[in-house]
Amino acid sequence: MATYLKVGKESNHIQKKDAKVFESVKSSIEKIELEGESAIRELSLEFDNWNPKSFRLSDEQIVQICETIPEQTVKDIKFAQDNIRNFAEEQRKSMQDIEVKIRPGVILGHKNIPVNSVGCYIPGGRYPMVASAHMSILTAKVAGVKRVIACTPPINGEIPAATVYAMHLAGADEIYILGGIQAMATMAIGTETIEPVDMIVGPGNAFVAETKRQLFGRVGIDLLAGPTEVLVIADETSDPEMIATDILGQCEHGPTSPAAFITTSERVAELTVEEIERQLKVLPTAAVAKSAWDDYGQIILVEDEKEALEVADELAYEHVQVLTKDPDYFLGNMTNYGALFLGPRTNVAYGDKVIGTNHTLPTKSAARYTGGLWVGKFLKTVTYQKITSDEESAYIGEYAARLCQLENFAGHAEQALLRVRKYGKTTPIV
């Protein structure tokens, strides 16, 4: 039976914080709906101290910003975007339109049609999330989205140049320097000068996630991504230094980022705790990482791989780093996760920034029912049907009429019976 050597904060504490976020987002959306761009300016001033003549960057501004990017940074961003584009293109190839003849003269099919317009949020705040430009804008463009607009907040009153370069290189059609609630609501609702989009995507803080939740239905969303989560699964062969590094590397995202550690070895657990304490003394982001680990960290001791798998599937975490002697056991058997990182040679940072898979992933146990952002999220799989045979139309109509009458849908039944009368050679018994 699993033993919890360390647990995080209780859920009622988290729920109280969520309620405050809900009210703040609700009032901000209502303000934008009523007042349009003036409300956006007011919110931008309040949260980011940002009030430019235009939130949208002009083509000239974008060119000027791109010219300031160091050559190595350009190469690094291009390397990441090449990997992400290549993987997204392969994913797109896997999604085929189909058309089948299920009976003589009866044709059914589906098509994968891109969403017409998408708004992508690229977080800023504590960290300029350059990689999110690749993950959302580039992936949407590979899917075939015609209009992709993107927002990113100013950082300390400045335009984040590298982020803008990545947004431009990824193919953004419009770039806005706008953050948080006001960015998400602007893209979804529109203003006097900004056309609304059909879908909004991208990670962000609790306010961004809650804004997406409240706007869902008016627009589509990718998923409700909460604070970054990391789960490390280890055994007696695992390296405590690596475990600690991989835990703290995600804890630095924010003070509410959950981190869990499942292990079959109590000795490895003890050494990892010592290593975490040692690294927190030298890590530049230790203040944030320590808060996350202290308040939201868990250590779970299990009997064997099978129990580790059961606990991991129950947690359904976003990132799962497997450092056991047989990581492929989890690849073959685990069902609830956002992304797997198998073996010591890979890690979550590779997936977050450069390797090619998408870093916008399900949190808060959403991995039980959805995967993360990928090219397929920007495609609508829609169906069609066509009957070219009079006989088949009448034949199917007889079945349809009886089934409609079974459900008391008289109008539905008449749709079918009209075809039976028009195309059938005999009067049906219904």
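The values are calculated or read from the model by the stated rules, or taken from the named source; none is laboratory data. Note that the structure is predicted; figures quoted are calculated from it, not measured. Cβ: placed from backbone, ideal geometry, glycine included. Neighbour counts: every protein chain shown. Please note that ligands, DNA and RNA were not included when accessible areas were found on the heavy atoms of the full protein model with its side chains. Shrake-Rupley method; radii C 1.70, N 1.55, O 1.52, S 1.80 Å.
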Exercise for the section: Can you tell me which residue within segment 192-220, out of those that are under 18 Å from Pro123 (Cα atoms) and polar (S, T, N, Q), is most open to solvent (accessible area, probe 1.4 Å)? Expected result: Asn205
Problem - Residue count for segment 160-191, restricted to those that are small (Gly, Ala, Ser), surrounded by 21 or more Cβ atoms within 10 Å (Cβ to Cβ) and free of Cβ contacts under 8 Å to residues at least 40 places away in the same chain - result: 0
Handout entry: Unmet requirement for Gly157, which otherwise passes all of (1) open to solvent by 30 Å² or more (accessible area, probe 1.4 Å); (2) in contact with a Ser or Thr (Cβ under 6 Å, 6 or more places away or on another chain); (3) at pLDDT below 95; (4) not charged (D, E, K, R)
Key = (2)
Fill in the blank from the handout: When Val118 is run through (1) open to solvent by 60 Å² or more (accessible area, probe 1.4 Å); (2) not in a loop (DSSP other than H, G, I, E, B), the failure sits at (1)
Handout entry: Count of segment 271-281 residues which are out of contact with any strand residue (DSSP E or B) (no Cβ under 9 Å at 6 or more places or on another chain) and open to solvent by 40 Å² or more (accessible area, probe 1.4 Å)
Key = 5
Exercise for the section: Six or more apart or on different chains, Cβ under 6 Å: which pairs go from a residue in segment 39-53 that's farther than 14 Å from Ile159 by Cα to one that's open to solvent by 80 Å² or more (accessible area, probe 1.4 Å)? Could you list them? Expected result: Arg41/Asn51; Leu45/Asn51
Fill in the blank from the handout: Being in a strand (DSSP E or B), within 16 Å of Asn347 (Cβ to Cβ) and either open to solvent by less than 30 Å² (accessible area, probe 1.4 Å) or modelled with pLDDT under 95 (or both) narrows Ile233, Ile262 down to just Ile233
Problem - Residue check, Asp82 of a type in the set (Asp, Glu) and surrounded by 13 or more Cβ atoms within 10 Å (Cβ to Cβ) - result: yes
Practice task
Mind listing whichever residues of segment 294-307 are open to solvent by 60 Å² or more (accessible area, probe 1.4 Å) and either in a loop (DSSP other than H, G, I, E, B) or touching a His at 6+ places or on another chain (Cβ under 9 Å) (or both)?
Solution key: Glu303, Asp304
Handout entry: Residue tally, condition open to solvent by 80 Å² or more (accessible area, probe 1.4 Å) and either part of a loop (DSSP other than H, G, I, E, B) or of a type in the set (Asp, Glu) (or both), over segment 36-69
Key = 9
Problem - Top-ranked residue of segment 308-342 - restricted to ones that are assigned to a strand (DSSP E or B) and under 13 Å from Ala367 (Cβ atoms), ranked as most open to solvent (accessible area, probe 1.4 Å) - result: Leu340
